[in-house]
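Remarks on the structure that follows.
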Amino acid sequence: MGNKSTWIAVVDHDAQTRQAMVCLLRSLGFDAMSFSSGSLFIQSLRLKQPTCILLDLHMPYMSGFAVMSKLAQFGEKIPVIVLTKHELMDDFKKTCLSSAVAVLQKPVDEQELRTVIEKALNQGRAGFPGPQFLM
């Protein structure tokens, strides 16, 4: 991947999770940058936009749902992969998948993550087959 314009944003309030995800992404050959809150990530969009977003759903102050809502308000078409350690009710699953490429349960399987990211990165080039729910 190593393309300087291709990078993945990791948005998660938990410092250990952010660090682990960035290390994992880099080991898979992706450039990554982490954000400790949804609001910091939204503010960063003025400077540089990621190619893909790994987004924790349950964060204080600005949840993953709120981040996805802001992206939609801005008309941003950045592929989002939702990460959660919680089991989601069917209504929440449907809500997530209306805005996200996939939903992955933490801890994330490395190969599953790679596959979903590669599909997300190809979304704009070859068309994306639709959302997936991987829990």
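Since every read-out is calculated from the coordinates, none of them should be taken as a lab result. Here the structure is a predicted model, which means the values were calculated and not measured. Cβ sites come from the backbone with ideal geometry, for glycine too, and all protein chains shown count toward neighbours.
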Inset, instruction - Using θ = phi - 60° and the Karplus relation 6.51 cos²θ - 1.76 cosθ + 1.60, list the HN-Hα couplings for the range 117-123 in order, rounded to whole Hz, with x at every Gly or Pro. - result: 5, 4, 5, 5, 5, 8, 3
Inset, instruction - Would you please give the residues with an amide H less than 5 Å from that of Trp7, counting only those at least 5 places away or on a separate chain, with H modeled from the backbone geometry? - result: Thr51, Cys52
Legend entry - Estimated vicinal HN-Hα couplings, Hz - the range 67-82 in sequence order (Karplus 6.51, -1.76, 1.60; Gly, Pro = x): 4, 4, 5, 4, 4, 5, 4, 7, x, 6, 10, 7, x, 10, 10, 7
Inset, instruction - Order these peptides, 78-86, 55-63, by their mean beta-carbon neighbour count within 10 angstrom, highest first. - result: 78-86, 55-63
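Ranked from highest to lowest mean number of other Cβ atoms within 10 Å per residue, what is the order of the peptides 43-49, 13-19?
Top to bottom by mean Cβ count within 10 Å: 13-19, 43-49.
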